[in-house]
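So the structure is just underneath, and the comments pick up after that.
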Amino acid sequence: MTSHWGVTELLVAAATAGDAAAWEELVDRYAGLVWSVCRRYRLTDADAADVSQTVWLRTVERLDRLREAGALPGWLVTTTSRECLHALRTARRTVDLDENVRALDVDAVDVAAGVLAAERAAALRAGLANLPPQCQQLIALLVTDPPPSYTDVSSRMGMPVGSIGPTRARCLEKLRRSPALAALMADHASR
Amino acid sequence: MPWWDDDDRLLDELRKALQTSESVPPLVAAQARGAFTWRTVDEELAALSHDSRHDELEPTGVRSAEVEPRTLTFEVDGSLLELGVSAGGVLGQVVPPAPGTVELRSPDGHTATAAMDAAGTFLLRPVPTGLVRLHVRADHLRLTTEWFRLTPDR
């Protein structure tokens, strides 16, 4: 996975310089990735929480060494995997070798996909947060599971049923043109 | 066609994106954000260069009989910190030796302090559990370790 100087690298540089908001943005982007690795090792919620805390504390320690493009997500996955194995080992006196082998089978493609998904999710959330309130509200309604009927949406938004479709299209187009999505699209093109 | 160009696919991805952020427990995310307060500025951390526990674990991960005391070595900038861990406590030795204080810190804010004598030795009791780090302060020496664990069983 090639990468150029993207949002993550800028955030790492800012956090290294002391910007707490940049750090929080990094956590928002990648906490899900760390958590999903813990899930893959089938850790309990309590153990996963411990692993997560350890991983982020260690990340703070070596932030200045993670400035290169692509370094942070790779570091997060490697470190989380290592801590998960440590948690599994110390949770039991003997280790089932087969289970260990299964746990180690963290597919490279799987990892790359996890990182891409994390970056995509972060960009989408960032883009959404900068849309006008009406768009945010509409999209939030439209993505609920199960999706509401347009009649429901109409009464919730105080909007005629006929205008929902066009408004939806307009809001999604605004999202497409947002800086966060533009960065993601450019990143995607360079890979 | 890229996923973002299709309205339905874009909405699907938005749904997934919002679900991802909801799956991480709020407390876990909050702790992760809070980790930033542990940032050390203008100080290189002493890294764990040796841990006798790593020698004990056989390749399959089965632990051989516990060898006491467990020893850990941290190094930075020509300074050395050696720890000997046993049931009784943590015996530490700083090189070059100097009198001062040693503070033990946990991510939850818990601290413990021990005096360091002229020979650079100190004793911390009881053995702390969970993730910890040590801050060594003497006249001409200032050393902060990376995060590490001392409990035999996490």
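The values are calculated or read from the model by the stated rules, or taken from the named source; none is laboratory data. As the structure is a computational prediction, the values presented were derived from the model and not from experiment. As a convention, Cβ positions derive from the backbone with ideal geometry for all residues, glycine included, and neighbour counts pool all protein chains shown.
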Restricting the search to region A:21-45, which residues are at pLDDT 90 or above and over 18 Å from the mean Cα position of the chain (by Cα)? A:D45
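Among what's in region A:61-72 and is under 23 Å from B:L27 (Cβ atoms) and touching a residue at least 24 places away in the same chain (Cβ under 8 Å), pick the residue that is surrounded by the fewest Cβ atoms within 10 Å (Cβ to Cβ).
A:L63
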Take B:A47 and tell me if it is in contact (Cβ under 8 Å) with a residue 12 or more places away in the chain and in a helix (DSSP H, G or I). no
Starting from residues that are more than 9 Å from chain A (Cβ to nearest Cβ) and of a type in the set (S, T, Y), keep the ones in region B:29-52 and report whichever is nearest to the chain's Cα centre (by Cα). B:S49
Give me the pairs, please: first residue somewhere in region A:120-147 and under 11 Å from B:R15 (Cβ atoms), second residue anywhere and part of a helix (DSSP H, G or I) and among the hydroxyl-bearing types (S, T, Y), beta-carbon distance under 6 Å, and either six or more positions apart or on two chains. A:A121/B:T20
Report those strands (runs of 3 or more DSSP E) wholly inside region B:65-154 carrying at least 2 residues which are in contact (Cβ under 8 Å) with a residue 40 or more places away in the chain. B:70-76, B:79-86, B:89-95, B:131-138, B:141-144
Kindly evaluate A:D107 against the criterion of being modelled with pLDDT under 60 and either more than 10 Å from chain B (Cβ to nearest Cβ) or farther than 30 Å from A:D50 by Cα (or both). yes
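Is it the case that A:R156 is charged (D, E, K, R) and either within 14 Å of chain B (Cβ to nearest Cβ) or touching a residue at least 60 places away in the same chain (Cβ under 8 Å) (or both)?
Answer is no for this residue.
Can you tell me which residues in region B:1-16 are facing chain A (nearest Cβ under 8 Å) and either on the phi > 0 side of the Ramachandran plot or in a helix (DSSP H, G or I) (or both)?
From region B:1-16, those facing chain A (nearest Cβ under 8 Å) are B:2, B:4-5, B:7, B:10-11, B:13-16; that's our starting set.
Result: B:W4, B:D5, B:D7, B:L10, B:L11, B:E13, B:L14, B:R15, B:K16.
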Any residue that is more than 7 Å from chain A (Cβ to nearest Cβ), closer than 25 Å to B:T144 by Cα, loosely packed, with under 14 Cβ neighbours inside 10 Å and over 15 Å from the mean Cα position of the chain (by Cα) - is there at least one of those in region B:17-28? no
